[in-house]
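The numbers here are math on the coordinates, done by the rules we state, and not lab data. What you are looking at is a predicted structure, and each value in this text was computed from that prediction instead of being measured. Quick reminder, even Gly has a Cβ in these numbers, built from the backbone with ideal geometry, and neighbours come from all protein chains shown.
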Amino acid sequence: MRIAVLRPQVPFARGGAEIFTDELVDELRARGHDADLVSVPFKWYPGTRVLTQAFLWRLLDLEEADGRPIDLVVATKFPSYVVRHPEKRVWLVHQFRQAYELDGTELGQFGPSAAERALRREVQELDRRALSEATRLFATSANVAGRLERSTGLVAEVLPHPPQRLPYRSGRSAGFVLSASRLDRAKRLDLLLEALALDPSLEAVIASDGPDRGRLEDLARGKGLNGRVRFEGRVSAERLAELYATCSSVYYAPVDEDFGMGPYEAFLSAKPVITTTDAGGPLDIVTDRRTGLVVAPEAAAIAGAAAWLREHETDAAAFGTAGKTLADEVTWDRAIGRLLS
Amino acid sequence: MPPETSGIADYSALLLPELRRHLDVEIVKRGAKRPPRGVDLVVYQIGNNPDAHGWILDALRRVPGAVVLHDFVLHHLVAGVTIGRRDGHGYLDAMEREHGVVGRLLGHGVLDKRLPPLWEVRPEEFPLAGEVLGLARGLVVHSRHVEERARAAGYEGPIARVSHPAWPEPHVEPAAIDGSPLIGSFGNVNISKRIPQLLEAFARVRREHPGARLLLVGAVSPGFDLDRRLQRLGLDGDGIIREGHIEERRLWSLMAACDVHVSLRSPTMGETSGTAIRALTLGKPLVVSNVGWFSELPEGVALKVSVGDHEVDDLAAALRLLVERPEARERMAVAARALATGEHNVARVAERQAAAFERIAGGVAVADETLRDVSRAAAGVGIASGSAEASEIARRLTEVGLGD
């Protein structure tokens, strides 16, 4: 089958959606499909640029390429699903969140003027029309599916995908907390740094990069965490697998996250996850005292969880093992089987 | 808004608290000449009752805005603000504007009392909604029926179809009224509520099911001789229970006591029935006329009876089915509750209505900017206005709602 995987691309940015779509193309090819990635740059500001840039997708003709038909397209996140195709399948990573649950928060985009309020509603209307054209509608997590149903009335099947390929393994804990989340405000690394400030026995490694790195490094210095938190930036696959294998727990506490590969990566390394009650997608698989610890989004609670998991190695290992059982169930064979059925 | 007494006032009171979760809302009360300063949008709740909505139409004439159109037929409203204010010429002008010279002549016939009032005998043929549509920057309607009639009348502005909200289930005890089963009809007792047909159909059913009783709640309209009709049909015994105008709490209590609700209408002004919505809240099976908004109710919650020659036969069959099959009533009750808490959920309705108001308030500016941006980009690569490529772009914009 000839399949186009559709991905909006913010130039120079790389995160979970990019990893997911790259691997989806690889996995489709590995199963004998003629798959390719179709990417269009996306800029969502200023003013109505969010609509006009989204509209670019509508002008694409993906019914065939080079004289041969494209049998199916897989749209992923806003605005790739604005594309038109008779076999448009949507595997929804997320909608344009600034028009929904982030509206009115510090992560929102639209101001209080009549024009900006209307612009937000036009984005919602665009979603409703474009997504209702899908021949199958999947969401990467129950959180994403729930948001979709609340905002548009459309019902999606929950279809998680495996995390990025790494040489996952499990090893003896070296006692540090690991975070591999992209460094932006929504991932709430501040909470982890504040937790470290509360408990001088805690140590952390942050193995990622992002626009918030400078601010977070300043915050760590300001709190006197030098030596107890290490910013390693983006690391190789081998190094990341090593960090997962040797940490005592993985911190993953974004606000109302869509899906969250972090917990899957932690579980494939048989490590427990610390997350928060408002984390969203990760709560699909992180269950308190079964696969990790789910605590209030407060520094003291996170500090307590990190210390407890470090000091209770047997329980931590049991949580990690239980998580691995869940993560092992999420395979590309199963996901692609459902996607194309 | 209350203390005004109308179904639309009840509707507004129900919706307002939820709407305020999304929007800053200021209420304009009767007598105000101008809307408050600095508002982005003025919203007018328009129905067909001149006593309740005449002043709102006056305000709309001064400052156009969004219209929540509760009825499509506004003949009674227009007559009230013209003939009712000794402005016969205004009525003639309205009739001519929408129905040409024939309309004007018919208007003369009404003014000269040579014809019966058209708003009573032929309102659906002469809806007189044109002036309101002409002043509306956008419409919110409750049904496909009203949306289609507005489009058919040439309205080109934005229309949002937003369901009527359902009231939360009240904590009331069902009134102690026997009936096996008890069938209820709520609202004015008159011809347009199809009370003659209902009485005749019920009389037939009761001959087979003497335990069945009919509860008629509402004021009897002038000229409608209910007692004589009951007597003629042999329903003047204990088969019928009557209550006149009642307070809201008593209304809920009586509605809760009924096993089946009947909500008939013809002609329809395009209205949504507040009592039918209340019946959904209570999980009551409905029998309705197959007209307007009523015909759009899902099949699972209502048996629909066509108006016409076989109306009494069909109505009797529907009542008989619900009298004889309690399991069907139970299925419909479950579906009714699901509809009330789903599609008609007040929070959901408020969110949709807020979306509609925000799009009406700022949508033109957004559309203009979007189209300007796209046009500039197209022109930049040599796509001329009117070319095949420009048409393709326009078509794609329309597909996703950006070219409306």
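Nearest 5 is fine: what % of DSSP beta bridges in chain A come out antiparallel, could you say? Mind dumping the intermediate values first?
On the way: 2 of 40 bridges.
So the antiparallel bridges amount to about 5 percent of the total.
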Query raised in the report: Relative contact order for chain B using alpha-carbon pairs under 8 Å, separation at least 6, rounded to a whole percent?
Result: 16
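Enumerate by residue number the GluC sites (Glu not before Pro) in the range A:158-254 meeting two conditions: DSSP loop (anything except H, G, I, E, B), and at most 15 other Cβ atoms within 10 Å of the site's Cβ. The partial results should precede the final answer.
Values: sites: A:194, A:203, A:217, A:232, A:238, A:242; in loops: A:203, A:232.
Listed in order of number, the matching sites are A:232.
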Query raised in the report: Once phi is turned into ³J(HN,Hα) by the Karplus curve 6.51 cos²θ - 1.76 cosθ + 1.60 with θ = phi - 60°, what whole-Hz value does each residue of the range A:163-168 show in order, with x for glycine and proline?
Result: x, 4, 6, 9, x, 4
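Thinking of the range A:54-129 as a set of Cα atoms, what percent of all their pairs are more than 16 Å apart? Please report the intermediate quantities before stating the final value.
Working: 1596 of 2850 pairs.
I get 56 percent for the Cα pairs in the range A:54-129 exceeding 16 Å.
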Query - Lys, Arg +1 and Asp, Glu -1 on Cβ, resulting dipole of the range B:182-340 about Cα centre, debye, nearest 20 - result: 220
Query raised in the report: Most mobile of A:106, A:133, A:311 per a Gaussian network model of chain A (Cα springs, under 10 Å)?
Result: A:106
Report summary line: The answer for the net charge of residues other than residue B:309 whose Cβ lies under 15 angstrom from its Cβ, with Lys and Arg +1 and Asp and Glu -1, is -3
Query raised in the report: Just for the protein assembly as shown, what percent of DSSP beta bridges are antiparallel, to the closest 5?
Result: 5
Report summary line: Relative to the compact-globule estimate 2.2 N^0.38 Å (N residues), the Cα gyration radius of the protein assembly as shown stands at a ratio of 1.17
Query raised in the report: Considering amide H positions built from the backbone, and no H for Pro or chain starts, which residues 5 or more places from residue A:140, or on another chain, come under 5 Å of its amide H?
Result: A:92, A:159
Query raised in the report: Counting only Cα, what are the radius of gyration and maximum Cα-Cα distance Dmax of the range B:7-161, in Å?
Result: 16.0, 53
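Would you please classify the overall shape of the range A:177-329 from the alpha carbon gyration tensor, given that a ≥ b ≥ c denote the square roots of the eigenvalues, rounded means a/c under 1.5, and beyond that prolate means a/b larger than b/c while oblate covers the rest? Mind dumping the intermediate values first?
Values: a/c = 1.43, a/b = 1.34, b/c = 1.07.
The shape class here is rounded.
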Query - the range A:230-294 versus the range A:75-94: alpha-carbon centroid distance in Å - result: 28
Requested in this report: Once you've got the GNM for chain B with C-alpha springs shorter than 10 Å, pick whichever of B:77, B:371, B:254 has the biggest mean-square fluctuation.
Outcome: B:371
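Considering every Cα-Cα pair within chain B, what fraction, in whole percent, is farther apart than 39 Å? Mind showing how you got there, number by number?
On the way: 21574 of 81406 pairs.
Counting pairs separated by more than 39 Å, the tail of P(r) holds 27 percent.
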**Report entry** Inter-part distance where the range B:316-342 and the range B:201-257 are each reduced to a Cα centre, Å
**Finding:** 20
**Report entry** Calculated P(r) of the range B:132-224 - Cα pairs past 22 Å, %
**Finding:** 58
**Report entry** Cut-off 15 Å between beta-carbons: net charge of the residues surrounding residue B:206, Lys and Arg +1, Asp and Glu -1
**Finding:** -1
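DSSP loop trypsin sites (Lys or Arg not before Pro) in the range B:20-104 with at most 13 other Cβ atoms within 10 Å of their Cβ, which ones?
Details: sites: B:20, B:21, B:29, B:30, B:33, B:37, B:61, B:62, B:85, B:86, B:97, B:104; in loops: B:20, B:21, B:29, B:30, B:33, B:37, B:86.
Sparse-neighbourhood loop trypsin sites (Lys or Arg not before Pro): B:20, B:21, B:29, B:30, B:33, B:37, B:86.
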Query raised in the report: Which shape class, rounded, prolate or oblate, goes with the range B:363-404 when its Cα gyration tensor gives a ≥ b ≥ c as root eigenvalues, a/c under 1.5 marks rounded, and past that a/b bigger than b/c marks prolate?
Result: oblate
Report summary line: Cross-link reach from residue B:33 to aspartates and glutamates, straight Cα distance under 12 Å and at least 8 residues apart if same chain, gives B:58
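For peptide A:310-323, compute the average count of partner chain beta-carbon atoms within 10 Å of each residue's beta-carbon.
Working: counts 0, 0, 0, 0, 0, 0, 0, 0, 0, 0, 0, 0, 0, 0.
The per-residue average across the peptide is 0.
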**Report entry** Filter on B:29/B:113; A:43/A:324; A:43/A:88; A:187/A:271; A:223/A:271; B:29/B:284 - keep pairs with C-alpha separation over 31 Å
**Finding:** B:29/B:113; A:43/A:324; B:29/B:284
